[in-house]
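Just below is one structure, and these are the notes that go with it.
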Amino acid sequence: MAKKNTAGVFLLPVILIFLAVILITIWFGCRIEPGNGEIAVMIRKTGKDLPPDAILALSPEYKGIQPDVLGEGRYFRNPYVWDWKIVPITDIPAGKFGVLVRKYGKDLPEGQIIAPGPEYKGIVREVLGTGKHRINPFAYDVYTYDDIRIMPGNIGVVTNLAGSDLFSKKTNDLSNARGFLVDPSRKGILKTVLKEGTHRINPFIQSVAIVNIQSQRYEFSGKEAIVFITLDGFPISLEGTVEFNISNESAPRLTHEVGDMEDIMKKLILPSVSGFARIEGSKKSATEFIVGESRQIFQNKLEAYLRKNCAPWGISINSVLIRDVVPPQQIAEIIRNRELAAQEAKKFKQQIEQAKSASELEQQRMLANQRKIKVQAETARITAEIAAKQQQTQRLIAANTDLEAASVQYQAAEANAKAKLMLAEAKRKVIASRNESEVLILKRNVEAYGSGEAYVKALLYNKLGPNIRSIMIRGTEGPAFGLPIFGAHPADTNMMKGGK
């Protein structure tokens, strides 16, 4: 009995140690524990060998890298059958998306770049959204791209990079924007555009060009001003602004045929403005662009021409403004002086018309008074005749006397009216003659002084001279002293002497 107890006591620690060794071996040798943000890629050590062109064991009987991975947690696997590798999990941050490229499977058909199914290797059509994804890095490559954000007032023109093309022996539909736009199954620019918002589009399948459809301004000024030669051989420079915008429907075709917004300005707007200006500008003289209504007419014709020329492209012309017309310096001053002279002549003409109107008004007033006096006299005569008939004998002499008095009064009024009319005509002629004389004198004075500015200075000195009483001067040595002016006022002379 003693030997049996001794054996049992000896075996118990051995068993415990054996169990401990087994547990330690399982814990440290068999435990698979991916942490937060990690995955475990499983590699089978036993089984059939993989085919020469395979990199993954797509079925459990093959050894090698397994397509499925283990997520966060604790797992136990036989280390004689399995090996594993802990790798970071695929994390797609906010504002980005991921594109998968499959490394295993059958080769792609000729001419294709997108995997048509899960059995083919290559670029996967579907994209990964924001978040954590358990992607086997031995099976897939992951590329991250920024989300496509289309702001208000913009659209996205989509171009298919994958699909059938001319090599598939099928031409584009020429009725669809002359064949420049294609249906979704073919390579090329799509007619449908992307609206404002956030979009995740596989960049290997489609590319997106963001186009601004808000009103745009093209300014031709400074070095970019439009220069042309007028009918009389003078160079004219035009500065202005053209406001335009493109429509949703025309954006795909414009993007493909013309380019971006800068290309639209330089290839469509600028050539149209320059061509019209050179053709129409050569039909007019330089003076017509500086004075008169020719500038407004030119602007209206330019706007109509741009609307007609840009409408087939889907470009809407909102407004055209010619801000400034820069003429040659050698004719600008001449034209300005002539315009000032024309304004002066117009002012004098208005004054003459006003005097003439006043004379005609006075004449009408006098004629009205004359008719009034005549009516009154006629009325008095008729009254006298009626009274004379009633009192033929008693009032005949009195009626004749009244008639004669009325006749004399009528003659006096008529003479007075003629005198006033002649006086008004004389005043009109005097005003007209004085205006003409003033214009002639002013012209001669300006010619005598050489320029209008010199003549104005002479008038100023003539006005200021009589009012100068003294001149303060400083000699080369000594203090300042004053000199009286001959004919100065006595009070001014006393002030110069220190008197009050």
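Quick look at the values:
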{"quantity": "Rg and Dmax of the stretch 236-277, Cα atoms only, in Å", "calculated": "11.9, 38"}
{"quantity": "The stretch 216-327 - Debye-derived log10 I(q)/I(0), Cα point model, q = 0.10 Å⁻¹", "calculated": "-0.29"}
{"quantity": "Ellipsoid semi-axes in whole angstrom, largest first, where each is sqrt(5λ) of the Cα gyration tensor of the stretch 333-460", "calculated": "59, 13, 7"}
{"quantity": "Percent RCO, i.e. relative contact order, over the stretch 33-146, from Cα pairs under 8 Å lying at least 6 residues apart", "calculated": "28 percent"}
{"quantity": "Computed E for I297/E219 - FRET, C-beta separation, R0 25 angstrom, nearest 0.05", "calculated": "0.70"}
{"quantity": "Whole-Hz ³J(HN,Hα) from phi, Karplus 6.51 cos²θ - 1.76 cosθ + 1.60, for the stretch 354-361, glycine and proline x", "calculated": "5, 5, 5, 5, 5, 5, 5, 5"}
{"quantity": "Rg(Cα) / (2.2 N^0.38 Å) computed for the stretch 33-146, rounded to two decimals", "calculated": "1.16"}
{"quantity": "Computed FRET value (nearest 0.05) for H199 with T46, which takes r as the C-beta separation and R₀ as 60 Å", "calculated": "0.80"}
{"quantity": "Length released on extending from V325 to A458, taking residue separation times 0.36 nm less the Cα-Cα span", "calculated": "44.3 nm"}
{"quantity": "Full-extension gain in nm, D107 to N445, via 0.36 nm per residue minus C-alpha separation", "calculated": "111.6 nm"}
{"quantity": "Net lengthening on full extension, K187/E280 (0.36 nm per residue, minus Cα-Cα)", "calculated": "29.1 nm"}
{"quantity": "Phi-based couplings in Hz for the stretch 271-286 (Karplus 6.51, -1.76, 1.60; Gly and Pro marked x)", "calculated": "x, 5, 5, 5, x, 5, 4, 6, 6, 6, x, 6, 8, 10, 7, 5"}
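Read-outs: derived from the displayed coordinates by stated rules, not from any lab. The structure displayed is predicted, hence computed values, not measured ones. Reconstructed Cβ throughout: ideal geometry from the backbone, glycine too, with neighbour counts over all protein chains shown.
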